[in-house]
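What follows is a set of notes on a single structure, which appears directly below.
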């Protein structure tokens, strides 16, 4: 991993495996290596949780079985929320629609009628997100969102990351779309930034993909290793399978 330059002064500085958004080639190679392995053993797709484990391994970090706030992966004092988005053209994607949790105003704020005051509902949804960010930052010095846009058919991928943000509710206005989902718009720019679905409480954030995103492809697709070869490699024997009498005596 890249080392930070030495600076004069005594201020506490963040510990990080690489500067924000500046992925060293070793990270992409590590991610690609794990993707190739998954393909070789028959896993054709990658979920967000899969990506968390892959990214943790690529940077030598720890993948949490259960996130703390939004922190899926940790490395010393740094933490990441790991997201993956599917798209047919990862290199050309400009706006990524990132599912960012299930934020329930019923549980968090006691709101049961989502439509009477949609501004209040939108505020409650953002408050859940902000609380999760606060919980993660209570335990970590640095908190990032890392997104991998993927096409598993062409094996093309785009990586980008940014610091996790808290959102000021008064900066957004909410309205219903034709599907009766709530959409949050930046008041100053008019740009849509959020979607929240009352059915299932799914919260989605729209992120701009920076020009500086790290784009890579895997140039060779491995064949799937047949089951018999794997079993032979690990010297499987039928006596590994033991019948268990029930009820126990």
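The values are calculated or read from the model by the stated rules, or taken from the named source; none is laboratory data. In this text the structure is predicted, and so the values were computed from the model without any measurement. Because the Cβ atoms are built from the backbone with ideal geometry, glycine has one as well, and the counts that use them run over all protein chains shown.
What to note about this one:
- Subset of the range 180-189 that is out of contact with any helix residue (DSSP H, G or I) (no Cβ under 7 Å at 6 or more places or on another chain) and assigned to a loop (DSSP other than H, G, I, E, B) - its residue that is nearest to residue 103 (Cα to Cα): 181
- Residue 81 outside any loop (DSSP other than H, G, I, E, B) and in contact with a strand residue (DSSP E or B) (Cβ under 6 Å, 6 or more places away or on another chain): yes
- Search result, residues across the range 190-239 that are at pLDDT 95 or above, surrounded by 16 or more Cβ atoms within 10 Å (Cβ to Cβ), in contact with a strand residue (DSSP E or B) (Cβ under 6 Å, 6 or more places away or on another chain) and in a loop (DSSP other than H, G, I, E, B): 209, 213
- Check on residue 28, surrounded by fewer than 20 Cβ atoms within 10 Å (Cβ to Cβ) and assigned to a loop (DSSP other than H, G, I, E, B): no
- One residue stands out among those in the range 106-125 that are touching a residue at least 24 places away in the same chain (Cβ under 8 Å) and closer than 30 Å to residue 209 by Cβ: the one that is surrounded by the most Cβ atoms within 10 Å (Cβ to Cβ), which is 125.
- For residue 130, the criteria (1) touching a helix residue (DSSP H, G or I) at 6+ places or on another chain (Cβ under 7 Å); (2) without any contact (Cβ under 8 Å) to a residue 60 or more places away in the chain; (3) within 30 Å of residue 23 (Cα to Cα) hold in every case but one, which is (1).
- Flag if residue 42 is over 17 Å from residue 77 (Cα atoms) and either in contact (Cβ under 8 Å) with a residue 40 or more places away in the chain or surrounded by fewer than 16 Cβ atoms within 10 Å (Cβ to Cβ) (or both): yes
- Qualifying residue in the range 54-74 (condition: under 14 Å from the mean Cα position of the chain (by Cα), free of Cβ contacts under 8 Å to residues at least 40 places away in the same chain, surrounded by 16 or more Cβ atoms within 10 Å (Cβ to Cβ) and assigned to a helix (DSSP H, G or I)): yes
- The residues on offer are 164, 79, 169, and the sole one that is closer than 17 Å to residue 213 by Cα and buried (at least 16 other Cβ atoms within 10 Å of the Cβ) is 164.
Table: residues versus (1) free of Cβ contacts under 8 Å to residues at least 60 places away in the same chain; (2) at positive phi; (3) more than 23 Å from the chain's Cα centre (by Cα).
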position: 152; (1), (2), (3): no, no, no
position: 170; (1), (2), (3): yes, no, yes
position: 199; (1), (2), (3): yes, no, no
position: 212; (1), (2), (3): no, no, no
